[in-house]
Amino acid sequence: MKKFYLIGLAIMATIVLTACGGANSVEKNKKEIKVAVQLESSKDILEIAKKEIEKSGYTLKIMEVSDNVAYNDAVQHDEADANFAQHEPFMAMFNKEKKADLVAVQPIYFFAGGFYSKVYKHANDLPQHAKVGIPSDPTNEGRALAILNKNGVIKLKADVGFNGTLADIIENPKSLQFERIDLLNLVKAYDEKDIAMVFCYPAYLEPAGLSTKDAILLEEEPASEHYALQLVTRKGNQNSEKIKVLKKAMTTKEVADFIKSNSKGANIPAF
């Protein structure tokens, strides 16, 4: 009888400890803000914001992912509170394709898209039938084509704005051949001998030893504003305490100064 009594006590103790552990875990999650990122530069900005987050009684957990879908999946499926990795047009495309309900809650900085070439100093120098690398996803493809249209390299149908596709090209004087390449691989294409010019963003340039000063075509500021890098969460979460704390922490003078200095002026704070 004593043996069964002791076993019963052990079982009850285990249940109590498990319950306490679960309660502690829930309490920890309530005070932990999870943000998904894909680029090192986004992680660096969050590290600057971390001190302000901790002043509000929260801890920051940065979730690093390896592709342009995982950070949105994490937020949509409640595995992260927010992500810091994309502009609003890309988010809208994800929502449409995945029937998701993500929302942009705070623009953090503007960044200019541009074209880079290892051989040519000016777009006018490109030979006939030259190969040009552009992003394979619709939102960034449209942005790249808008730059070419703005600079007279091609002509797009009227009023397509940033939503142009290859099918919208009505004039292509140099008969350029467009290679649609995943955004993450465009900087690698810069080194390929048969690619005359590639589109790229400042955050991806460092491995190639480039900066926006090396661009042979660079986006003008009004266009850049359309594509500010955003803090994104899911619908219904945008007014939560965690998101309020995150927004406040990511829009301080310290963060603004870091954005400007770390990008050597290529990125402009959007707040």
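Derivation of every value follows stated rules applied to the coordinates shown; laboratory data play no part. Every value quoted in this text rests on a predicted model; they were computed, and no experiment measured them. Neighbour counts are summed over all protein chains in view; Cβ atoms, including those assigned to glycine, are modelled from backbone coordinates with ideal geometry.
Averaging the sequence gap over all C-alpha pairs within less than 8 Å and six or more residues apart, then dividing by the number of residues, gives the chain a relative contact order of 27 percent. Based on the Stokes-Einstein relation at 10 °C and a viscosity of 1.306 mPa s, and on the Kirkwood radius from alpha carbon pairs, the stretch 114-219 is assigned a translational diffusion coefficient of 117 µm²/s.
Given only helices, namely DSSP H runs of n ≥ 4 each adding -39500 (n - 2.57), what is the per-residue ellipticity at 222 nm of the chain, to the nearest 500 deg cm²/dmol? Working shown, then result.
On the way: 10 runs with 108 residues, N = 271.
That comes out to -12000 deg cm²/dmol.
Expressed as an acute angle from 0 to 90° and rounded to the nearest 10, what is the orientation of the C-alpha long axis of helix 253-262 relative to the principal long axis of the chain? Helix 253-262 sits roughly 50 degrees off the main axis of the chain. Mind checking the angle between helix 40-55 and the chain's longest principal axis? C-alpha axes, 0 to 90 degrees, to the nearest 10. With both axes taken from Cα atoms, the answer is about 40 degrees. The label point for A158 and the one for T59, both projected 7 Å from the Cα toward the Cβ, are 6.0 nm apart. Each peptide in 237-246, 171-180 receives the mean, over its residues, of other Cβ atoms within 10 Å, and ordering these scores from highest gives 237-246, 171-180.
Approximating the spin labels as points 7 Å out from Cα along Cα→Cβ, the H226-to-E254 distance works out to 3.6 nm. For the chain, DSSP calls about 55 percent of its internal beta bridges antiparallel. Comparing V160, V103, V187, which has the greatest mean-square fluctuation in the GNM of the chain with Cα pairs linked when under 10 Å apart? It is V160.
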